[in-house]
Each structure stands twice: as C-alpha cells, then as structure tokens.
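What follows is a short report on a single structure.
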Amino acid sequence: MAVIRTLGSGAWRVVELITTPVVPADYLDAIAPLRNAKVLRARVEAVRPETANSATLVLRPGRGWVPHEPGQYARVGVDVAGVRLWRSYSITSTPARRDGRITITVNAVPGGVVSTHLVRRARRGMLLHLDVPTGEFLLPATRPAKALFVTAGSGITPVMGMLRSALHELRDVVVVHSAGTHEAVVFGAELRTLAAEGRIRLIERHTRTDGRIKPADLDELVPDLFERQVWACGPNEMLDDLEAHWADAEAGHLLVTERFRPALISGEGGGTVTFTKSGTVVETDGSVPLLDSGEQAGVLMPSGCRMGICFSCVLPLREGAVRDLRDGSLTVAEPGDSIPVQTCISAAAGPCQIEN
Amino acid sequence: MTTIQHKKSNPIAHLTPEDIEAIGVELDAIRDEVMGSRGAKDAAYIRRVIKVQRGLELSSRAVLLFSLFPPAWLVGTAGLSVAKILENMEVGHNILHGQWDWMRDPKIHSTKWEWDHASPAEQWKHSHNELHHTYTNVVGKDNDLGYGIMRVDEEQRWSPAHLGQPLYNFINACLFEYGIAAYDLELGKNLATPERRKDPKFRAALKATRRKIGKQMLKDYVVHPALSGPSFLHTIAANATANLVRNLWSHSVIMCGHFPNGVETFEKTSIEGETRGEWYLRQMLGSANISGTKLMHIMTGNLSHQIEHHLFPDMPSNRYAQISPKIKDLFQRYGLKYTTGPLPKQVASAWWKVLRLSLPNKPVVAPRAVAAERPAPVSDPAARWRRLPAAAAAAAAPAPVEAL
Ligand SMILES: Cc1cc2nc3c(=O)[nH]c(=O)nc-3n(C[C@H](O)[C@H](O)[C@H](O)COP(=O)(O)OP(=O)(O)OC[C@H]3O[C@@H](n4cnc5c(N)ncnc54)[C@H](O)[C@@H]3O)c2cc1C
Ligand code: FES
C-alpha cells in the first residue's frame, strides 16, 4: 500500500513537472473548471425569478463541495466588472436533493453590487466561485416540540432551507414573516400552500400597509411565545428588538438569530494602514473596515462572513491601533506585538501595520 | 550618456519646480482615469492572453513529442518560443507587477504567481519592482544599469575589464534568465566575503533559486524529452532553442527600455528628497519606447511602452497604448524628449553604447545644474512615493491643469 502511495505521489510529481511553474489543474481549469478540488466553483444551471427583486439560482457545485446543514450559508465569489467579490448566501435547498444541486435565493438590495448582479445578470452556464457551507443557524438534532420562525425580507432564506428539509420532523410550527407587500414575499406561494395544508401556521405581515411588527405584537399573535424555540432572521433593528424582548423575559436561550449585516457603529479616527508583506500602504478613514481597504488596494485578504463571526479574516496587528466597528472598543499593538484582529469589523484608529 | 546633472545642455533646465509638480498632477489625473475604469474587459483580456499562451505552449509541446521529424521540430520550437516569450513578458512580468491584483483573483495575483524563469518570482519582484522601479536610472542605485557588470555611463570609471563588455553583454543575452537570477541574488556582492556567503537570508534565497532552476531544467531537459521517447535529443534541442530565443528577445527588449540614445541617467544625490513630480519626471526621461504594431507590443509585454510602464508600473498593460498619445502630448507641452523608435534601431543604439563605453572616454565635468535649482530637500524621503493630499497638491502646483 505504502509502495503504491509512494509510486503514486512520485508519478504525480512528474506530472507536476510537466506543467511547472503552474500546476496541472491550471490547465484543467480551461476545460473542466468544476473538476478542480483546490478551487471550488459552481455552475449556474438555472435562474428562477421569485419576486420583482429576487431570484433563485440553481447551482451545481464542483469537486470539493460538502453537504450543508439546513440553515447554513455558503460564500459565493462573483466577478463583477472584473473584480472578484465574495458575499454570503443562505442555502435554500434541502441537502437531500439527489442531483447534488443547491439553490440560493438572492434579494437585490438597492445599490447592492453583488446582489443586483446576480438577480439581474446571472445566466445559465455562468461560473461562480464557492466556499464550503458554514453557519450556526441550525435546528437541534432533537427537534423542538414547538418552533417559531420570525423573519423579514430576504431573512426567510435560511428558514426556507430548514422548512424544506425538516418540516416533516416538526409538529408545531409558526412562521411570522414580514415583507413590504403581498407580491414582495419571497417564496410567498410555497409558504401559503404549506399554511393551507395545515403544516405551518403562517402570519404574514405587509409592512407597507400594516407597519413593522413589534415584539409586543408577537405576544398577541403567538400566545405561547415563550414556550417556543425561536429562529429569527431579518434586518438588524428587528433582531435587536427581538433579542431585547427575549432577554427581558429571561428567555434569551430560546432565541437564535442570524444577521445578514454586521451591527456597526460609525467610527472615528482612520489612518495609514500598511500591509507589511505586500508593502501596500493605504489611507483609510475610521469607518471602512481594514478588509475593504485592503481589498480595494488589491491586497489578497482572507475573508469569510465579512461580519465578525467566522474569524477567517483574522490577521496580526503588528503595530498601531484599530477600532472594533461594532462596539467602538480599541485594540492597541506596541511594536513587536502580534495581536490577531478581525479585519472585517476593525478599522484603523491611527496608523497601523497589518501583517499580510 | 552623462548623468543629467552633469550635462552641458540640461534637458530639464527650462522647467521650474512648479512645472515639475504640475506634470505630476497631470500624470496623477491620467492614472486615476484609467485605474477607475478598469473592468470586465480588462479582466477578459488578461484571461484570454493566459489562455492563448497555455494553449500555444501545450500544443507546441505536443507537436514536439514528434520532434524527430524536422517539420514538427520547426513548428514546435517556433510555437514554444512564442509561448515562452508571452509567458515571461505580457503575462509574468505584468502580473508580478501587480497590474492585475485589483481583480482579486488569487490565480492571477502578484503574490501567488510563479513564472517560467530561472529566478523565483519572489526574488525578482524585490530587485525589479522595489529597486529598479524606485531608483530607475540612478547611477549606483539602479543595478539594472549594466547589471553591475557593465559600464553604461560615461561617468562610471573605466577599467581594462570593460573592454570585454560587448562579449559579456552577448553572453548575458544568451543566458539572460540565469543572468537575472544571479542578479536578483546579488551574487557579486553576496559571494564577496565569507560573512555574506554565510548569511542565512542569502543562503535561503540561493536554495530557492537552485530549486527553481532544478525544476525548470527537469521540465525542459528531462521530462518533456523523455515523454517524446525516440525524439528525446531533438526535444532537448528544441527546448534549448526556445529558451535561447526567449532570452535573446527579452534581453533586446529590455536593453531598449533604458539604454538607447536619448535616455537620461541621474546622480545618486539628485534623488534625495525627490518629490512625486520629480519622481515622475525621472521616469519620463529615464525610459525609451519601441514603436511597432499591436503584435509587437504584445510580444514585448507592452514594454514597448516602457515610458508609460515606468510612470504607472501597476497599470494593466493593455491600457498603455491607450494613454500613450496623452503622455506624448504632455512631453511635447513641457518640451521634453519622448524617446522612441523601431526595435532594430533601438537595439542598435543600445549595442552601440555598450561598444562605445567599453573604451575609455574623456572625463565629464559640467555644472550640477539641476541639483542647484531644486528646492531644499523634503526631510522624509519615504514620503516621496506618496501622493500629496489634494490640498497640498493644489498648493504645490499653483498653475491649474486646465491652464496648461
Ligand atoms: C450569513 C449570511 C447569510 C446571507 N444570506 C443571504 C441570502 O440568503 N439572500 C440574500 O439576498 N442575502 C443574504 N445575505 C446578504 C448578502 O451576503 C449580501 O450582503 C447582500 O446580497 C448585499 O450585497 P451587495 O454586494 O449587493 O451589497 P453591497 O454592494 O455590499 O452594499 C450596498 C449597500 O447595501 C447595503 N446592504 C448590504 N447588505 C444589505 C442587506 N442584507 N440588506 C439591505 N441592505 C444591505 C450596504 O450597507 C450598502 O449601503 C447574507 C449575509 C450573511 C452574512
Ligand atoms: S470575515 Fe468572518 S469574522 Fe471577519
């Protein structure tokens, strides 16, 4: 066995020599881009409009993809105007799909570079870059007796992934969903069908006419509110309100939230950021995350969720000060220090050196 | 050629410090315009060049599997030569300059790219991007001037060893990639003393280069020949020829960049406290272009637009042709010489200089014109790369751009 392995790796090294200084996969990429396990990609197999501003993409992930858990998201890399941009999208399909395809559902936010591109210009055959699924917005293995999902806008996406995968294992499900109008409800028809079949209790709220839902409204709409396990996803203000409400009722442990955007405070300061390995120097203001500043200057920055949760973006702060954009806390490194900071939620608070 | 500071008729004597800063402001505006408009078309361009290069290399190597047959040898060798030239020039050199980093594609990024060359990308980037592009044509600082083995300026002291420099230059041309590897390692300096030889940094660099050369050699002279079975020896000859062609070609193109007549050199002291405008001016005067067709530009990796490249080393190469009329116009308006010419003429001019300076010349003495006119040096030399904030730039350049 060991001999075969040694021979195998020896033979592989010879193959690598054929193409050195690039790797054989770089040649393969030109003909079979989904075969390269080192560079995970996906092909768009279909684009289905959901509402006027959203669309579902059916993706065929290439080699290297691992099955997701309902509620998880994947990072998707899209070349827009020649620049590779990474964003997170919840997976809306069930892992049980036989054909190995996944779906994501994108809502075009006004002025949103990637979301608009995907909703308006994604076509069958287009290649996207992909990362393996991740995320902690999950149903527990022992399914809850009573579940409540509170969602708004595109926040329905991870919940739809859960419902499509696990509704048959849930007995008592309430879905409280808000959207601007009847037509703007993503997956509206599917949700209404589930409700009509009696599989979920759907409380649909159209904020354009009825106004935003307040946590106090929930007390009335869902009488056994605090007997339920709750999953919530939507705008930050809504999630902040819900968290406060559940904390007040000392039921915070029942509530799980998923945020699409980091809750940031606007920063003061700014300064010159030096990326020590690449030698790139950028002037930043105190509100732009180091991750964005670096990327805009062409530095290859590691990143993940881009909102302070995954730590894929961590780089050592070698000198200087950075401010956490979420809470304003300051991290200071003396020369010789090497303090890991999350670049996606940290901005320069004075001149600083980041090792990258 | 004599450093500009010692010339009898100083080609920039007519420029005031304000003029020089105004040139800088204009160039920054040209840069901003192009850099702000980079997009999908540019990305498609470099991807297409890479694809064509790989296709050509692969098919040429496939043809060379039958290199025993003379037509196959000829076609394969020609194809491989072109592929190797493309790989080094339009693809490798430009990617390693970071011209395509803005795409954020890790496969086409200056920190990840490795090229078909004896010198590891990391080392070449240091000596080329950091040293040569910073200290362009500063005698004693820019080792690209004569690569430390030749006399390329009247002010360099002559010694009898320089009699051999036409020969060294020819040998260097044939083995150019190894010459560059040795140069990137600063072999001359680092082998000089036992301490330098033992320096762990040098040893690590040496090891990296040895590995790189080893792999390159194995590829061209063992693996591919072995794959071609009975054509073994013919494939070795084909690959050696392709490497030779590539070396001669890139050496010629690069000689044309800074050696031909009309290109200025600068004194070491003249760049102390250099401003952004002065830095730009030095790039303008220290480089020469090659005129020619579109194909010619691509085959030189757009180093035929050496002037534009030296002004904006990180601008995507496909854009140099687009800005070149504007740059020419700027030269004209400020009464500066935009040195350019067809390849044979520029190569001849560069070789003539190598020949001429292999012989001693009369010492040059002339007043240090420019240095005297320059304002007192700014204290922080590191800042000269940095663009002045808008307000400071406006103050430094009272003449508004439109008025010029
Ligand atoms: C874990 C996770 C899962 C996600 N799942 C989904 C999903 O399933 N479907 C989906 O459509 N999006 C999802 N998102 C949001 C998505 O990643 C992008 O943030 C969103 O598509 C906007 O990107 P953009 O490039 O279009 O906007 P940008 O160009 O980055 O931003 C443009 C403007 O829109 C604002 N903006 C950014 N994001 C939002 C937002 N979510 N809502 C309103 N305004 C915004 C920005 O502040 C900015 O002003 C998820 C995000 C996370 C972190
Ligand atoms: S990118 Fe996830 S924590 Fe920063």
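The values are calculated or read from the model by the stated rules, or taken from the named source; none is laboratory data. It should be emphasised that the depicted structure is a prediction, and the values quoted were computed from it without experimental measurement. Note: ideal-geometry Cβ built from the backbone for every residue, glycine included; neighbour counts use all protein chains shown. The protein model used for the area step is the full one, side chains on, heavy atoms only, and it has no ligands, DNA or RNA in it. Shrake-Rupley method; radii C 1.70, N 1.55, O 1.52, S 1.80 Å.
Comparison of A:P215, A:P223 shows that the only residue that is under 27 Å from the mean Cα position of the chain (by Cα) and surrounded by fewer than 19 Cβ atoms within 10 Å (Cβ to Cβ) is A:P215.
Looking across segment A:136-161, the residues that are near ligand 1 (Cβ under 9 Å from one of its atoms) and open to solvent by 10 Å² or more (accessible area, probe 1.4 Å) come down to A:G153, A:S154. Just one of the numbered conditions (1) of a type outside the set (F, W, Y); (2) touching a helix residue (DSSP H, G or I) at 6+ places or on another chain (Cβ under 9 Å); (3) more than 8 Å from ligand 2 (Cβ to nearest atom); (4) not in a strand (DSSP E or B) is not true of A:S303: (3). So for segment A:251-258 (the condition being buried (at least 19 other Cβ atoms within 10 Å of the Cβ), within 14 Å of chain B (Cβ to nearest Cβ), within 16 Å of ligand 1 (Cβ to nearest atom) and on the phi < 0 side of the Ramachandran plot), does at least one residue qualify? So far as segment A:251-258 goes, no, none of its residues is buried (at least 19 other Cβ atoms within 10 Å of the Cβ), within 14 Å of chain B (Cβ to nearest Cβ), within 16 Å of ligand 1 (Cβ to nearest atom) and on the phi < 0 side of the Ramachandran plot. Look at B:A208 and say whether it is among the small types (G, A, S), touching a residue at least 40 places away in the same chain (Cβ under 8 Å) and closer than 19 Å to B:S349 by Cα. Judged against the criteria, B:A208 is not a match.
Evaluate the following for A:G294: is it on the phi < 0 side of the Ramachandran plot and open to solvent by less than 50 Å² (accessible area, probe 1.4 Å)?
Details: on the phi < 0 side of the Ramachandran plot: yes; open to solvent by less than 50 Å² (accessible area, probe 1.4 Å): yes.
When the stated conditions are applied, A:G294 passes them.
Each residue in segment A:275-312 was checked for being under 25 Å from the mean Cα position of the chain (by Cα) and either away from ligand 1 (no atom under 16 Å from the Cβ) or more than 8 Å from chain B (Cβ to nearest Cβ) (or both), and 26 pass.
With respect to A:R75, is the statement that it is basic (K, R) and modelled with pLDDT under 95 true? Criteria met by A:R75. Output the residue which, of all residues in segment A:315-347 that are over 25 Å from the mean Cα position of the chain (by Cα) and in a loop (DSSP other than H, G, I, E, B), is nearest to ligand 1 (Cβ to nearest atom). Among residues in segment A:315-347 that are over 25 Å from the mean Cα position of the chain (by Cα) and in a loop (DSSP other than H, G, I, E, B), the one nearest to ligand 1 (Cβ to nearest atom) is A:S338.
Of the strands (runs of 3 or more DSSP E) lying entirely inside segment A:17-123, those carrying at least 1 residues that are within 11 Å of chain B (Cβ to nearest Cβ) are A:73-80, A:83-90.
Report yes if B:A208 is small (G, A, S), within 14 Å of chain A (Cβ to nearest Cβ) and under 14 Å from B:A121 (Cα atoms), otherwise no.
yes
Applying the set (1) more than 16 Å from ligand 2 (Cβ to nearest atom); (2) open to solvent by less than 50 Å² (accessible area, probe 1.4 Å) to A:H129 leaves exactly one unmet item: (1). Among the residues of segment A:29-51, those that are under 26 Å from B:K84 (Cβ atoms) and surrounded by 15 or more Cβ atoms within 10 Å (Cβ to Cβ) comprise A:D29, A:P33, A:N36, A:V39. When segment A:303-334 is filtered for residues that are surrounded by fewer than 17 Cβ atoms within 10 Å (Cβ to Cβ) and modelled with pLDDT of 90 or more, only A:P316 remains. Taking the stated definitions as given, is A:A247 open to solvent by 40 Å² or more (accessible area, probe 1.4 Å) and at pLDDT 90 or above? So A:A247 passes the test.
Somewhere in segment B:131-149, is a residue in a loop (DSSP other than H, G, I, E, B), aromatic (F, W, Y) and out of contact with any Asp or Glu (no Cβ under 9 Å at 6 or more places or on another chain)? Looking through segment B:131-149, none of the residues is in a loop (DSSP other than H, G, I, E, B), aromatic (F, W, Y) and out of contact with any Asp or Glu (no Cβ under 9 Å at 6 or more places or on another chain).
For segment A:104-115, the criterion of being within 16 Å of ligand 2 (Cβ to nearest atom) and within 22 Å of the chain's Cα centre (by Cα) is satisfied by at least one residue.
Kindly provide the set of residues from segment B:36-45 that are at the interface with chain A (Cβ under 9 Å from one of its Cβ atoms) and in a helix (DSSP H, G or I), ordered by number.
To start, the set of residues in segment B:36-45 that are at the interface with chain A (Cβ under 9 Å from one of its Cβ atoms) comprises B:38-44.
Within segment B:36-45, B:A40, B:K41, B:D42, B:A43, B:A44 qualify.
Given the options B:W102, B:W158, B:W113, name the one that is open to solvent by 10 Å² or more (accessible area, probe 1.4 Å), modelled with pLDDT of 85 or more and part of a helix (DSSP H, G or I).
Numbers: B:W158 fails: part of a helix (DSSP H, G or I); B:W113 fails: part of a helix (DSSP H, G or I).
On inspection, the qualifying residue turns out to be B:W102.
Against the conditions (1) away from ligand 2 (no atom under 11 Å from the Cβ); (2) outside any loop (DSSP other than H, G, I, E, B), A:L291 satisfies every one except (1). Would you point out the residue of segment A:63-76, among those that are within 30 Å of B:D101 (Cα to Cα) and buried (at least 21 other Cβ atoms within 10 Å of the Cβ), that is nearest to ligand 2 (Cβ to nearest atom)? Top of the filtered list is A:R75.
Examine segment A:327-339 for a residue that is of a type in the set (A, V, I, L, M), away from ligand 2 (no atom under 16 Å from the Cβ) and within 14 Å of chain B (Cβ to nearest Cβ), and state whether such a residue exists. Walk me through it before giving the result.
Within segment A:327-339, the first condition is being of a type in the set (A, V, I, L, M), and the residues that meet it are A:330, A:332-333, A:339.
Now restrict to residues that are away from ligand 2 (no atom under 16 Å from the Cβ): A:330, A:332-333.
Okay, now just the ones that are also within 14 Å of chain B (Cβ to nearest Cβ), so none.
No, there is no match, as no residue in segment A:327-339 is of a type in the set (A, V, I, L, M), away from ligand 2 (no atom under 16 Å from the Cβ) and within 14 Å of chain B (Cβ to nearest Cβ).
Checked against the criterion of being within 14 Å of chain A (Cβ to nearest Cβ), under 23 Å from the mean Cα position of the chain (by Cα) and at negative phi, the candidates B:E264, B:E177 yield just one match: B:E177.
I want to confirm something. Restricting to segment B:46-58 and keeping residues that are open to solvent by 50 Å² or more (accessible area, probe 1.4 Å) and within 9 Å of chain A (Cβ to nearest Cβ), which single residue is farthest from B:L86 (Cα to Cα)? Filtering segment B:46-58 for residues that are open to solvent by 50 Å² or more (accessible area, probe 1.4 Å) and within 9 Å of chain A (Cβ to nearest Cβ), the one farthest from B:L86 (Cα to Cα) comes out as B:L58.
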